[in-house]
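Before any comments, here is the structure.
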Amino acid sequence: MYKYDEYDQQMVDARVAEFADQVKRHLASEITEDQFKPLRLMNGLYLQLHAYMLRVAVPYGTLDSRQMRMLAHIARKYDRDYGHFTTRQNIQYNWIKLEDAPAILADLASVEMHAIQTSGNCIRNISSDQWAGAAADELTDPRPWAELLRQWSSFHPEFSYLPRKFKIAVIAAEEDRAAMRLHDIGIQIVEKGGVHGAAFYVGGGMGRTPMIAPLINDFVPLDDLLSYTEACLRVYNRYGRRDNIYKARIKILIHELGADEYRRQVEEEFAHVKSLGIDPPKAEFDRIAAQFAMPPLDASASDEIDRSDPDFAVWVDQNVAAHKVPGHAIVNISLKPLGGIPGDASSAQIDLMADLAGKFSHDELRVTHAQNIVLPHVRKADLFAIWQALDAADLATPNLDLISDIIACPGLDYCSLANARSIPVAQKIAQRFADPARQRDLGELKLKISGCINACGHHHAGHIGILGVDRKGTENYQLLLGGSGAEDVSLGTITGPGFDEDGIVDAIERVTDKYLSERTDGERFVDTYRRVGMAPFKEAIYG
Amino acid sequence: MVEHLQADGEEPCVTLDAFLDQSNATAVRLESDEDARALIPHLDRLKLIEVAFPKFRDGRGYSSGRILREAGFTGELRAQGDVLVDQIGYLKRCGFDSFAPEKDLNPADVEAALTRWPEHYQGAADGAVPIWKLRHG
């Protein structure tokens, strides 16, 4: 994975010094709260319901064990002994003291990490496929392009005061594991005539106006990747709406202009930007790509897995994925234990996962947008030992992509924007479907919960989505069906009137029962929904 | 180097509309929602372009600055309005070489902000050599 050189380190160190100075000036009342707010936000520091929350960037979700241990250290030293992995492959800490923030950033900088641009109206952490570099189905490793974009977007002078936040994802497989088309820019590395290029999807997003990004260019030459991205951003920075925060995302601009007119403006800007020489030479890409080289995996390693322990066999079937090198596998560690808080991990669990990465996964870990952790490069012969260690730490729940592998935002338990709690609803649903055999029978079923219309819990993209709203002072939950954040991307549809906390769990059970009675062989929940439509489900829910 | 104050006796800026109607003005003010490219045919007779920053969160002026420099404007490019010390470094990178903040800035803070970053990742309008070029000579 990518290692900082002196320049990268210098940038992060300068940022630590800058933020320490800004905090000092704020604490001395030299800058007002209003002026300090965008500065702390650009360093990932939010003011939440009970305390400051710090969001730490995990670029394209990739970490080594030393960095993972630092995340545990921060949880232990500055927080309440746990962290929360997020849908943008980052980690956030919920109980931070403002005066500790500069020291935390300095600790992070000592392991080549930071919280730069994890908030604010700027280009956020670049996300990617959590199986990048390991997936059997990928065209190439997308992370070198993500790293190139990370550097280009860091402290970008023109794009640090955009109309609104800006999220970019890069993938290089047909299977979309990063919700690419629900980003402001989704880039897919594709092949045409033996040459790789970048398909640009621009103007996707969730929030109160969910949109699937239209294809703006099906093949941008990779030498032009940064110029083209810069052109996309410049058109947005100049013409994105600034009169209404709810209409300020690029999706609204593209919706109002139309994809064709936006494309025309981008192409015109690109013709100019291309002449500025902002694209690095191939040597720079090669320098970065070399650091993402596949670790030395032994392709003659045994493909056999001893499945004699039945619990282990269930976990292998559910949580282990195909690796591109024979004899190897990708391990998905579920952070969704029964009754747990989706995405939370204690410092002891974080340390354990770091240890396993060091011992069994060539020192690499990934954070997934579904709030789980991945060990990307594991020998099949080591799977049993890994499973035993995970199981002892309550990290071996075999529920990847099943109904209890729930994405949930922090909700009203933490978030100052929330209207309703998400965590207790997730816990009740997981309890209702606690029987592992029942979950497996239901098959792939992506359930996603947001505690407000901002949709941090991706409810629009859930096969089953839940949106918490405030209805006359009480929490009320709307149910959506038929969304997807994957390559079959779609937006969910609201079933009808909402429910209280227990009612939503009952409604979901009626929906899954209906699915079981309607499905044909091999159909996932979302396939059945698409075939039969909303009506039978509505009938089952409301009678 | 950076100037903080409007020089005495300089020609006042005219609005973009007035400038486009009046060929002899040499100083123009561009509001944040006005198209910097409207000035491109006239850059050679402009001494000063003042770009408005009505709120520090309104970042359109950063693009205006770069567009004007990229088009070859060599006169004074001034950022006027809600210009704060923590924006000065970005403004300079976008080609601004003078600042007329509504509230006075502490010169020591300005100096610190402008010298904080020894290098930069990306090319912009200030002539700084991007890090990728430093890496490859």
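Here, each number is a calculation from the coordinates, and none is a lab measurement. All values derive from a computational prediction rather than experimental measurement. Ideal geometry is used to build each Cβ from the backbone, glycine not excepted, and the neighbour counts take in all protein chains shown.
Some notes on this structure:
- Assigned charges on the beta-carbon of Lys, Arg, Asp, Glu; the protein assembly as shown dipole about Cα centre (debye): 840 debye
- Filter on A:K380/A:K514; A:K165/A:K448; A:K324/A:K538; B:K92/B:K133; A:K282/B:K55 - keep pairs with C-alpha separation over 32 Å: A:K380/A:K514; A:K324/A:K538; A:K282/B:K55
- Extension gain, A:S416 back to A:E444 (0.36 nm per residue minus Cα-Cα distance, nm): 6.8 nm
- Beta bridges from DSSP with both residues in region A:358-507: antiparallel share about 70 percent, rounded to the nearest 5.
- Positive end of the dipole of region B:1-116 (Cβ unit charges, origin at the Cα centre): among B:A18, B:G59, B:I49, the Cα lying farthest that way belongs to B:G59.
- Residues A:F159, A:F219 in ascending order of nearby Cβ atoms (within 10 Å, fewest first): A:F219, A:F159.
- Going from the fewest other Cβ atoms within 10 Å to the most, the residues A:R519, A:R177 appear in the order A:R519, A:R177.
- Cα gyration tensor shape for region B:8-108, rounded if a/c is under 1.5, else prolate or oblate: prolate
- Lys, Arg +1 and Asp, Glu -1 on Cβ, resulting dipole of region A:468-543 about Cα centre, debye, nearest 20: 280 debye
- DSSP beta bridge pairing in the protein assembly as shown, given as percent antiparallel to the nearest 5: 65 percent
- Peptide B:115-128 shows a mean partner chain C-beta count of 5 within 10 Å per residue C-beta.
- Using just its DSSP H runs of length 4 or more, each adding -39500 (n - 2.57), chain A gives a mean residue ellipticity at 222 nm of -11000 deg cm²/dmol after division by all residues.
- Neighbouring Cβ atoms from other chains, within 10 Å of the Cβ of residues in A:37-46, number 1 on average.
- Within straight-line cross-link reach of A:K77, aspartates and glutamates at Cα separation under 18 Å, skipping those fewer than 8 residues along the same chain: A:E99, A:D100, A:D107, A:D344, A:D351
- Whether region A:1-94 is rounded, prolate or oblate, judged on the alpha carbon gyration tensor where a/c under 1.5 counts as rounded: oblate
- Checking Cβ-Cβ separations below 4.7 Å across chain A identifies A:C122, A:C232, A:C415, A:C452 as cysteines lacking any candidate disulfide partner.
- Positive-end residue, the protein assembly as shown charge dipole about Cα centroid, Cβ charges, pick of A:L481, A:W145, A:L41: A:L481
- Proxy reagent accessibility, fewest Cβ within 10 Å first, across A:L225, A:L41: A:L41, A:L225
- Relative contact order (%) - criterion: Cα under 8 Å, at least six apart; region: chain A: 13 percent
- Among A:S110, A:A134, A:I189 - extreme Cα towards positive end, dipole of region A:103-225, charges at beta-carbon: A:S110
- Shielding by partners - mean other protein chain Cβ count within 10 Å, residues of A:239-252: 1
- Tensor-based shape of chain A (alpha-carbon gyration tensor, a/c under 1.5 rounded, otherwise prolate or oblate): rounded
- Taking amide H atoms as placed 1.01 Å from N in the peptide plane, the amide H of B:F53 lies under 5 Å from those of B:Q80, B:G81, B:D82, each 5 or more residues away in sequence or on another chain.
- Nearest-20 debye value, chain B charge dipole, Cβ charges on Lys, Arg, Asp, Glu: 700 debye
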